[in-house]
Amino acid sequence: MTAALSKYFDAVVLGRRNLTERIIELEIGAADGSPLPMAEAGSHIELRFGPAGGPFHRQYSVVGRLGLDGGPEPFRRIAVQREDRSRGSAYIHSNFRIGTLLRISRPIGSFRLSRNLPHVLLIAAGIGITPILPMLRSLIIRGQSFSMLYIGAEKAAMAYADDVLALGGDAVRLHETSRTGRPDLDDVLASQPPGTHVYICGPGPMIDSVRAIAEARHWHPARIRYEVFNAAHRPEDNGFRVRLRSGRFIEVGAGTTILDALETAGVDTLSDCRRGECGLCLTDVLNAREGIDHRDSYLTTTERTAADQLTICCSRAHGTHIDLDID
Ligand code: FES
């Protein structure tokens, strides 16, 4: 039986190596050695791990093979960046070793690369390279026209930089912000051939900026496909309290999300992407005295302004309290 037949299955860490000062790569296989289901470029897996009573659920992009040769790998290759305010990534960096047991999901394909596009522009920023690298490989294998911009502070901090250059050659531009500042994204979009589709993964503000530039240039929104990296955590985050309908209070620490805190407290929740994209965790707000810090890409501006619901996987309360319509 392949591990494909159940949604989550037991897994084990088979390999670990440092990619940069803050990013490690893990190879994770099925604990019983059974073959893994195919993972398309851009797909994720969810990892379930952590100490008893505080399990973490985190999604990571499947990086896949780093070169063009060979078939599917007998493990999932993922890269995890240590985020100072994310307890999940800190736990992985501190505790994951060869032999560590966890549970993983079969691949989840929400960020898909379409076929038969006239030209594809790939943009990756920082750890956002993880879904973009397998897209680069797929485009090369399919013989599709593409170009790529990979943005980071400096090459030494950019995971897989040499692999990306070896794969993409002249079609790839590495942009080191420590040397040349921020890239001119308007110029990047302006220089693309007609009909270009963009696939972008990076921090929310950069994606917002690309979307705004594309809109100003009258590109159809469907031509911009994106995935926000680490929507839930920012260095300046503070803890706050959630009051449930029952009157019960749940503490949400600076390095965690409402969703994680509720799950740890045994509260029933719904979630899927855990990145503010699918809307499944959307929850009604009864009272947000000091406002809501919306970090999703699901709600419209009008819906955000109404301040009566939020995505608990990534959005937070401004101030110290928020009352939610949840038991
Ligand atoms: S789980 Fe998808 S938006 Fe929160």
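Scattering from the C-alpha atoms of the chain alone, worked out with Debye: what is log10 I(q)/I(0) at q = 0.07, 0.08, 0.11 1/Å? The computed values of log10 I(q)/I(0) come out as -0.29, -0.38, -0.73. With a Förster radius of 25 Å applied to the C-beta separation of residue 31 and residue 162, the computed FRET efficiency comes to 0.20. Amide hydrogen proximity for residue 110: with H placed 1.01 Å from N in the peptide plane, the residues at 5 or more positions away or on another chain lying under 5 Å are 44. Scalar couplings 3J(HN,Hα) for the stretch 13-21, obtained by applying the Karplus form with A = 6.51, B = -1.76, C = 1.60 to θ = phi - 60°, are 6, 9, x, 8, 8, 7, 9, 9, 4 Hz; x denotes Gly and Pro. For the chain, the Cβ-based charge dipole about the Cα centre amounts to some 480 debye (Lys, Arg positive; Asp, Glu negative; other atoms uncharged). The phi torsions of the stretch 150-159, fed into the Karplus equation with coefficients 6.51, -1.76 and 1.60 and a -60° offset, translate into couplings of 10, 10, x, 5, 7, 4, 4, 9, 9, 4 Hz, rounded to whole numbers, with Gly and Pro shown as x. Placing dummy labels 7 Å off each Cα toward the beta-carbon, the span from residue 40 to residue 145 is 2.4 nm.
Our estimate of slack between residue 100 and residue 304, defined as 0.36 nm per intervening residue step minus the Cα-Cα distance, is 69.3 nm. Under the criterion of Cα pairs below 8 Å and six or more residues apart, the relative contact order for the chain equals 14 percent. Pair-distance distribution of the stretch 1-149: all C-alpha pairs, bin width 5 Å, starting at 0; shares per bin in whole percent are 2, 9, 18, 22, 20, 14, 8, 5, 1, 0.
Potential lengthening of the chain between residue 223 and residue 90 amounts to 44.4 nm, from the contour at 0.36 nm per residue minus the alpha-carbon distance. The length gained by stretching the chain between residue 246 and residue 264 to full extension, at 0.36 nm per residue less their Cα-Cα distance, is 4.8 nm. Between residue 320 and residue 82, the C-beta separation translates, for a Förster distance of 35 Å, into a calculated FRET efficiency of about 0.80. The residue 212 and residue 110 beta-carbon pair, evaluated with R₀ = 22 Å, returns a calculated FRET efficiency of approximately 0.45.
Counting only protein heavy atoms and a 1.4 Å probe, tell me what percentage of the stretch 207-327's accessible area is made up of carbon and sulfur.
Its accessible area is 48 percent carbon and sulfur atoms.
The values are calculated or read from the model by the stated rules, or taken from the named source; none is laboratory data. This one's a predicted model, so the numbers in the text were calculated from it and none came from an experiment. Every residue, glycine as well, gets a Cβ built from its backbone with ideal geometry; the counts of neighbours run over all protein chains shown. Note: accessible area is taken over every heavy atom of the protein model, side chains too, but ligands, DNA and RNA are not part of it. Shrake-Rupley method; radii C 1.70, N 1.55, O 1.52, S 1.80 Å.
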